[in-house]
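To start, the structure under review is shown below, and the notes come after it.
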Amino acid sequence: MVDINEIKVVSFDAEGTLVTPDFSYAVWFEAIPECYAERHGVNFELARKVIEEEYQKLGDQRLEWYDVRYWFDKLGLGTPDQVMERCESKVRYYPEVKEVLASLSERYKLVVASGSMRDFLNHLLQDIEPYFTRIFSSLTDYKQLKTSEFYLKMCQAMEVKPSQVVHVGDNWQFDFVAPREVGIEAFYLDRKRQTNHQNSVASLLQLKIHLEG
Ligand SMILES: [Mg+2]
């Protein structure tokens with residue numbers, strides 16, 4: 001399936017793949033409503049309701065939706081840095097992550113290809129950053145979601161051909177369909193084992209088996 005002798009770069013999505021959603025959840029649904037409640041003198045439940053409505057009104061097709069600075073500005077909450085630091089205790093890696101990265105990094109260049117903004121990635125990846133040669137944020141670096149064009153730009157930046165890259169991630173469109181459109185060998189990470197596709201893996205350990213032959 002994968003010709004591992006040709007592969008030079010292994011690319012990972014961040015949230016849902018390396019790191020659990022806990023940190024982002026804490027920022028969007030706990031810390032931001034808390035700040036809003038304090039700033040506007042309302043209770044937490046009301047603040048959360050107001051904020052969830054604002055998130056929905058904008059919608060996840062707009063790039064601002066992912067931009068924590070946009071939201072702090074819009075909601076009159078100042079700057080997000082301290083709030084995000086306070087949430088850092090919520091950063092959790094999936095159990096197999098460090099072992100897989102340590103092992104694969106002996107043979108391949110590892111990169112992160114994430115749709116999260118760099119503000120988030122700085123917090124999310126801090127314990128595992130040394131394993132990666134580059135960290136790409138489609139939104140911060142290229143002002144787009146993870147499209148096939150983004151993956152091509154990533155290959156250009158790494159000076160490799162798409163056929164020399166393997167990507168893995170937990171979003172069918174952004175991590176499987178889009179990279180395959182440009183010829184990257186992609187694996188769909190299905191931690192809940194809801195699919196039975198030949199290129200789906202239930203954990204990163206399974207990916208490691210594919211890549212270590
Ligand atoms: Mg993901």
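A few notes on this one:
- Extension reserve of the Lys74-His197 stretch, reckoned as 0.36 nm per residue once the Cα distance is removed: 40.0 nm
- For the chain: relative contact order, % (alpha-carbon pairs under 8 angstrom, 6 or more apart): 26
- Non-local Lys pairs in the chain, i.e. 8 or more apart or on different chains, that have alpha carbons under 17 Å apart: 14
- Using C-alpha pairs under 8 Å with a sequence gap of at least 6, the mean separation divided by the residue count of the range 3-94 gives a relative contact order of 40 percent.
- Rough spin-label spacing in nm, given labels placed 7 Å along Cα→Cβ, for Glu212 and Tyr25: 3.1
Here, each number is a calculation from the coordinates, and none is a lab measurement. Note that the coordinates shown come from a computational prediction; the quantities given were computed from them, not determined experimentally. We place every Cβ from the backbone using ideal geometry, glycine too, and count neighbours over all the protein chains shown.
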